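Let me begin by presenting the structure, written as structure tokens, before commenting on it.
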Amino acid sequence: MKQQDSALQTATRLTHAGRKGKSHHGPVNPPLVRASTILFPDVASFHEAHGSRRVYGRLATDTTLALEQALCAAEGAAACMLTPSGLSAISTTLLALLQPGDHLLMADTAYDPTRQLCEGLLKRNGISTTYYDPLLAGGIAALMQPNTRVVFVESPGSLTFEVQDIPAIAAVAHAAGAVVVSDSTWATPIGWASFGLGIDVSIHAATKYIVGHSDALMGAILTTAALETRVRDTYKQLGMSIGADDAALALRGLRTLAARLAVHRDSAQIVARWLQQQPEVAQVLYPPLPGAAGHELWKRDFRPEYACGLMGAVFRSDVSEQQVAALIDRTRLFGIGLSWGGYESLILPTNPARYRSVQPEKWSAPMLRLHVGLEAAEDLLADLEQGFAALRVRPAMAQAA
Ligand SMILES: Cc1ncc(COP(=O)(O)O)c(C=O)c1O
């Protein structure tokens, strides 16, 4: 894709980025290159290639380069590095940007394994972490230390879906010489203008919507030009790399991301509105839902056409965990499983209080996480109706059913 094509609409860019142009004669998709060793015809050309990434399969192949290019075009990043999982993208980035003696400000709503990284590997290496209320916005200034090098955001947050004021957070971080790293998995590469909001490194669990079909794990680290070398050096030293087959699956997923998100978004609105009407539900945690917590900030900072299908629901405090389990067990179309972002709907009970330092008591009622997939919304509602019917049976009877 040529430079001026950045003016094209997102859906158009996703279908053309990382592919050869109109004059290309051959298959639509870039070749799937499985390679470790790359051969050179003579010593001169071997030496000439020195410094290029096209010398060894771990560093680049046509397939991984095409995916990197397409992801950069999708999000407006200067550089992309691909890792074997979303979590390894997070650990690689934090190891690249922090060293012993540094301090990290971490959103309290971060994905739990990210917290485990802070409490494990980072702590063992002399890096300290403070967890901050994701709604603090510019109030994080009071938590900044002279050695704070990274402010980590995840918006909406894992399980509780708080929307963070990224520009206000970035202004404080940048004024103190720190960088803003974002777990942007919910937004996907097209759901917001991450770099325009002040994010310096945007990380994706590509496992979710980019791959989109629940058949591969992958992470993507997207950086500004200023941070590329720092992150890439650590990325290379850790030996991060992905296989050609997974790269091809992610590239295939990316081509249809805009089209899939439009369906996830529409069905998720229908499901969220329906959940809101159920007397047992105290709160629906879905920022794209008008009136939901974080909706105004979400409207300001996200692209409404690409909302995803992941949401939460908080039950009234008199609903028991057994009743929620009965609901989940009764649904037929919502699978019980970790992860999200595939074509299929998923449902899980959640207990965010277990993973929080800031006000864990806020989340004492039973909760659900739902991923609204690509099934017809009316079928999903009928399925949830069955589930709620099971919940409405007294707990003792629900257990006997
Ligand atoms: C918000 C978020 N970030 C990161 C990850 C980690 O991705 P992966 O499972 O590919 O390591 C997940 C996985 O569920 C996630 O939900």
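Here ASP233 meets the list (1) buried (at least 20 other Cβ atoms within 10 Å of the Cβ); (2) of a type in the set (Asp, Glu); (3) more than 11 Å from the ligand (Cβ to nearest atom) almost entirely, failing just condition (1).
Residues in the range 90-127 that are under 19 Å from ILE169 (Cα atoms), away from the ligand (no atom under 12 Å from the Cβ) and not in a helix (DSSP H, G or I): 7 in all. Put simply, of ALA107, ALA173 the only residue that is over 21 Å from the mean Cα position of the chain (by Cα), assigned by TED's automatic domain parsing to the domain that holds ASP215 and buried (at least 19 other Cβ atoms within 10 Å of the Cβ) is ALA173.
Only residues that are within 9 Å of the ligand (Cβ to nearest atom) and in contact with a Pro (Cβ under 7 Å, 6 or more places away or on another chain) were counted in the range 160-192, giving 1. When only residues in the range 277-329 that are free of Cβ contacts under 8 Å to residues at least 40 places away in the same chain and within 18 Å of the chain's Cα centre (by Cα) count, which is surrounded by the most Cβ atoms within 10 Å (Cβ to Cβ)? It comes out as PRO288. Scanning the range 290-313 finds no residues that are at positive phi, touching a Gly at 6+ places or on another chain (Cβ under 7 Å) and at pLDDT 95 or above.
The residue that is nearest to the ligand (Cβ to nearest atom), among those in the range 193-230 that are among the polar types (S, T, N, Q) and touching a residue at least 40 places away in the same chain (Cβ under 8 Å), is THR207.
The values are calculated or read from the model by the stated rules, or taken from the named source; none is laboratory data. None of the values given here were measured: they were computed from a predicted structure. When we count neighbours, we look across all protein chains shown, and the Cβ atoms used for this are built from the backbone with ideal geometry, even at glycine.
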